[in-house]
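J.: So that we are looking at the same thing, I have put the structure below in structure tokens.
The values are calculated or read from the model by the stated rules, or taken from the named source; none is laboratory data. Values in this document were obtained by computation on a predicted structure and should not be read as measured data. Every residue, glycine as well, gets a Cβ built from its backbone with ideal geometry; the counts of neighbours run over all protein chains shown.
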There are 2 protein chains.
Amino acid sequence: MNEIKDIYQSLDRNKVVKIQAPATVANMVCGFDVLGFAVNEPYDEMQIRFSDTAGITIINDDEYNLPTEPEKNVAGAALLAMMEEMEENFGFEMTIRKNIKPGSGVGSSAASAAGAVVAANRLLNDRFDNETLVRFAMNGEKLASGVKHADNIAPCIYGGVTLIRSIFPLDIIALNAPTLYVTIVHPQIEVRTADARSILKQKVLLKDAIKQWGNIAGLVAGLLKSDYELIGRSLEDVLIEPVRSILIPGFDLIKQKSKEAGALGGGISGSGPSIFMLSRDEATAKNVEKEMHIIYEQLGLDHHTYVTTVNHSGVRFV
Amino acid sequence: MNEIKDIYQSLDRNKVVKIQAPATVANMVCGFDVLGFAVNEPYDEMQIRFSDTAGITIINDDEYNLPTEPEKNVAGAALLAMMEEMEENFGFEMTIRKNIKPGSGVGSSAASAAGAVVAANRLLNDRFDNETLVRFAMNGEKLASGVKHADNIAPCIYGGVTLIRSIFPLDIIALNAPTLYVTIVHPQIEVRTADARSILKQKVLLKDAIKQWGNIAGLVAGLLKSDYELIGRSLEDVLIEPVRSILIPGFDLIKQKSKEAGALGGGISGSGPSIFMLSRDEATAKNVEKEMHIIYEQLGLDHHTYVTTVNHSGVRFV
């Protein structure tokens, strides 16, 4: 008992932390692998407490039958990475209710991984800083997709729009953004991240790459200057979208009709299949949603939509 | 005489406009073909007035023996492009004293072309806006290098740091920047822009392009947030510099020693051979200059240096 008492020194053994971990949109059109933003809906709900049993106990409170072995679960893998950097041998019990459908392309795995470490860190009186938490949570992404990437994890933890300038060493920059409404449509098809990655060419034309970095520079400037027109003009992807969008039925039409309905622009969320569109106001975002419905109803494709806003707080404590 | 009277209606026929057209640094390391900034020194001096003779008369007031036929002179070519868009058949007399050595890589041709159209526009009571002036001046760049590019022209006219998000259609974004000191060294060797361009590969690795657009996004954010550390970390070019720097003796050593002396970072100015380094304060910029001197003296290479600041006004009226 002495040992247990020691490791919980200054910590509240009976504390329960409840959080909401938001969905995120990676890439943001021209920012492949380096930009992402969090949205206010949907979000996963998680609850974590210390457990008398060492190690991680995972309880799923949803329909997805995700693995409960920590090393096979993205939230577990993230938390394991955190525990490796601690001297104490804590036990954690984590209950997860996923509202973000796995495979939808809006950072479902990132929400679990980020939520787990942010929640556990609160139990530990915020021992680690955000950048370190991102590093831990990236282990969940590695489990989910084989690659340690942070373009969902970082916005999920920091909130708002984040730039991951570099992964090794990790360099995350929070970017201020004006009010932005987000319409997301998730067509019920499967696009495996690994497939979406494997169809990309390893080499690209320098002249296309120049267009891309002109656009990302314009997008960052547009966000920081709250210049909606510039944001709209910069939401152009000449490299990735033309290749990946062929995996998403109705993509071109949705983009065209969304812009006609007043959207600033948008594209594939992460590696798809979800599509996101940014708008200046809620009415436009809802008109965009209507267009998305019409197109997918015509195609006879089951789909979910969300009209939400950019989330500026990241994982939220409830 | 009636005709002459008509075309000068509301204009002061005897006005003389004197300007200083600043040197500029294109590319800014990670912003190949899309970023550039103006500096306060060196600058070209130009003077323009209406002439009774139709067309353009060019008088060179320097040692460079540049062509005086308008269609062979970059300032003339820019002014000719402007005249094509005017109904009136004006005559202009332009005196040019170049202080920016042609071929030095700090926008010598851009200064002549931009200076000419800005000065002529003032004679015409500012008939054209800055973006249109950039479009005219790009014809001078086409004459000089075969390519219509704006990464020297735009900062020369707008001042400060400019992003050219797109050339067709032209989309120029002025970026606020904090105080930045600039050290420039011009080794007296010739690097032809055409050569510097031809050694670049047409295809690049996607993973390198991703690094590059992470860096340009970081640089733009660093400038707009006045975050010097971020500016420094983002001044990295994994694509162009490794290829082009082999044309510039001592490049790697100058970069290394400049950073050791406290520079935020820097690289090739335009297509070279000049090298620029950014610093937070004047003392550091002067220490960087000393390091540059030492290195080129050891290499026995003639060189000029400038310690200056980012110019926020562009072409200046005297």
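J.: Restricting the range A:175-208 to residues that are within 11 Å of chain B (Cβ to nearest Cβ) and basic (Lys, Arg), which is surrounded by the most Cβ atoms within 10 Å (Cβ to Cβ)?
T.: Among those residues, the one meeting the criterion is A:Lys203.
J.: Sort out for me the strands (runs of 3 or more DSSP E) sitting completely within the range B:1-98 that have 2 or more residues that are acidic (Asp, Glu) and more than 14 Å from every other protein chain (Cβ to nearest Cβ).
T.: The qualifying strands (runs of 3 or more DSSP E) are B:35-50.
J.: Given the conditions (1) more than 13 Å from the chain's Cα centre (by Cα); (2) of a type in the set (S, T, N, Q); (3) buried (at least 17 other Cβ atoms within 10 Å of the Cβ), report the number of the one that A:Ser108 does not fulfil.
T.: It fails just one condition, (1).
J.: Further, regarding this structure: When you look at B:Gly250, is it small (Gly, Ala, Ser), under 21 Å from B:Leu299 (Cα atoms) and in contact (Cβ under 8 Å) with a residue 12 or more places away in the chain, yes or no?
T.: Taking the combined requirement at face value, the residue satisfies it.
J.: So which residues in the range A:58-84 are within 13 Å of A:Asn121 (Cα to Cα) and free of Cβ contacts under 8 Å to residues at least 40 places away in the same chain, if there are any at all?
T.: A:Met83 - this is the single residue of the range A:58-84 that is within 13 Å of A:Asn121 (Cα to Cα) and free of Cβ contacts under 8 Å to residues at least 40 places away in the same chain.
J.: Looking only at the range A:276-315, count how many residues are assigned to a loop (DSSP other than H, G, I, E, B) and either under 24 Å from A:Cys156 (Cα atoms) or in contact with a Gly (Cβ under 9 Å, 6 or more places away or on another chain) (or both).
T.: Residues flagged as assigned to a loop (DSSP other than H, G, I, E, B) and either under 24 Å from A:Cys156 (Cα atoms) or in contact with a Gly (Cβ under 9 Å, 6 or more places away or on another chain) (or both) within the range A:276-315 amount to 9.
J.: Failed condition for A:Ile59, given (1) among the aliphatic types (A, V, I, L, M); (2) at pLDDT 95 or above; (3) crowded, with 19+ Cβ neighbours inside 10 Å, with all others met?
T.: For A:Ile59, the failing item is (3).
J.: Okay, moving on. For a quick check of your reading of the model, give me the residue pairs whose first member lies in the range B:196-218 and is closer than 17 Å to B:Leu35 by Cα, whose second is polar (S, T, N, Q) and at pLDDT 95 or above, with beta-carbon atoms closer than 6 Å and at least 6 apart or on different chains.
T.: Sorted first by the residue in the range B:196-218, then by its partner, the pairs are B:Trp213/A:Gln212; B:Asn215/B:Ser234; B:Gly218/B:Ser234.
J.: Checking the conditions here, which among B:Ser258, B:Ser226, B:Ser234, B:Ser279 is small (Gly, Ala, Ser) and farther than 30 Å from A:Asn176 by Cβ?
T.: Unique residue meeting the criteria: B:Ser258.
J.: Considering only the range B:218-235, I want to know if a residue exists there that is aromatic (Phe, Trp, Tyr), outside the structural domain of B:Val147 (by TED's automatic domain parsing) and closer than 30 Å to B:Ala194 by Cβ.
T.: Scanning the range B:218-235 turns up no residue that is aromatic (Phe, Trp, Tyr), outside the structural domain of B:Val147 (by TED's automatic domain parsing) and closer than 30 Å to B:Ala194 by Cβ.
J.: Could I ask something else about it? Of the residues in the range A:125-160, how many are assigned to a loop (DSSP other than H, G, I, E, B), under 16 Å from A:Val106 (Cβ atoms) and aliphatic (A, V, I, L, M)?
T.: 1
Rundown of residues vs (1) of a type outside the set (A, V, I, L, M); (2) assigned to a helix (DSSP H, G or I); (3) assigned by TED's automatic domain parsing to the domain that holds B:Thr284; (4) more than 16 Å from A:Gly214 (Cα to Cα), yes/no style:
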position	(1), (2), (3), (4)
B:Thr162	yes, no, no, no
B:Glu190	yes, no, yes, yes
B:Ala196	no, yes, yes, yes
B:Gly214	yes, yes, yes, no
B:Asp237	yes, no, yes, no
B:Ser245	yes, yes, yes, yes
B:Lys257	yes, yes, yes, yes
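J.: Just one of the numbered conditions (1) assigned to a helix (DSSP H, G or I); (2) under 12 Å from the mean Cα position of the chain (by Cα) is not true of B:Val118; which one?
T.: (2)
J.: Let me ask something else. From (1) modelled with pLDDT under 95; (2) closer than 30 Å to A:Ile294 by Cβ, pick out the condition that doesn't hold for A:Lys201.
T.: Failed condition: (2).
J.: Would you say A:Gly300 is without any contact (Cβ under 8 Å) to a residue 60 or more places away in the chain, out of contact with any helix residue (DSSP H, G or I) (no Cβ under 9 Å at 6 or more places or on another chain) and of a type outside the set (A, V, I, L, M)?
T.: yes
Condition check ((1) closer than 15 Å to A:Phe92 by Cα; (2) at pLDDT 95 or above; (3) surrounded by fewer than 20 Cβ atoms within 10 Å (Cβ to Cβ)) across all residues:
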| residue | (1), (2), (3) |
| --- | --- |
| A:Val118 | yes, yes, no |
| A:Asn125 | yes, yes, yes |
| A:Thr132 | no, yes, yes |
| A:Ala137 | no, yes, no |
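J.: Look through B:Asp281, B:Asp237, B:Asp252, B:Asp227 and report the one residue that is of a type in the set (D, E, K, R), out of contact with any Leu (no Cβ under 9 Å at 6 or more places or on another chain) and crowded, with 21+ Cβ neighbours inside 10 Å.
T.: Exactly one residue qualifies, and that residue is B:Asp237.
J.: Taking into account only those residues within the range A:33-55 that are farther than 27 Å from A:Ile164 by Cβ and either among the β-branched types (Val, Ile, Thr) or touching a Leu at 6+ places or on another chain (Cβ under 8 Å) (or both), which is surrounded by the fewest Cβ atoms within 10 Å (Cβ to Cβ)?
T.: Checked the range A:33-55; the qualifying residue surrounded by the fewest Cβ atoms within 10 Å (Cβ to Cβ) is A:Thr53.
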